Amino acid sequence: MKKMHVIVAALILGLAGTAGAATNYTIDAAHSDVAFKVRHLIATVPGRFAEFDGTITADWDDPDASSVKFVIKAASIDTRNEDRDKH
């Protein structure tokens, strides 16, 4: 079975118990990365997605109303091999 590891890094500031209305955070693409590694035959192929965005809504009064939306543009894949990326 092939394994795919996806690493998504997002820094969220101010998580310490802020009371009040929901707080929105935007993923900062300049300081975040969406990367992966896939085993193929005897090699491990690394790659990344250049275009992504996301928001996190933290509702401190009602945690069940909190949400995460994260979108990756699949066509922005970069494995440093143009033919493979087009495939």
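Working note: Karplus 6.51/-1.76/1.60 with θ = phi - 60° gives the stretch 42-53 the couplings 9, 10, 10, 9, x, x, 8, 10, 7, 10, 7, 7 Hz, where Gly and Pro are set to x. Summing Lys and Arg as +1 and Asp and Glu as -1 over all other residues whose Cβ lies under 10 Å from the Cβ of PRO46 gives a net charge of +2.
For ILE27, the amide hydrogen comes within under 5 Å of the amide hydrogens of GLY54, THR55, ILE56, counting only partners 5 or more places away or on other chains and with H modelled in the peptide plane.
Derived scalar couplings between HN and Hα for the stretch 72-87 equal 10, 7, 4, 5, 8, 4, 9, 10, 6, 8, 4, 4, 5, 4, 5, 5 Hz in order, rounded to whole Hz, by the Karplus curve 6.51 cos²θ - 1.76 cosθ + 1.60 (θ = phi - 60°), x for Gly and Pro.
Bear in mind that the values in this text are calculations on the coordinates, not laboratory data. A quick note: this is a predicted structure, and the numbers were derived from the prediction, not measured. When we count neighbours, we look across all protein chains shown, and the Cβ atoms used for this are built from the backbone with ideal geometry, even at glycine.
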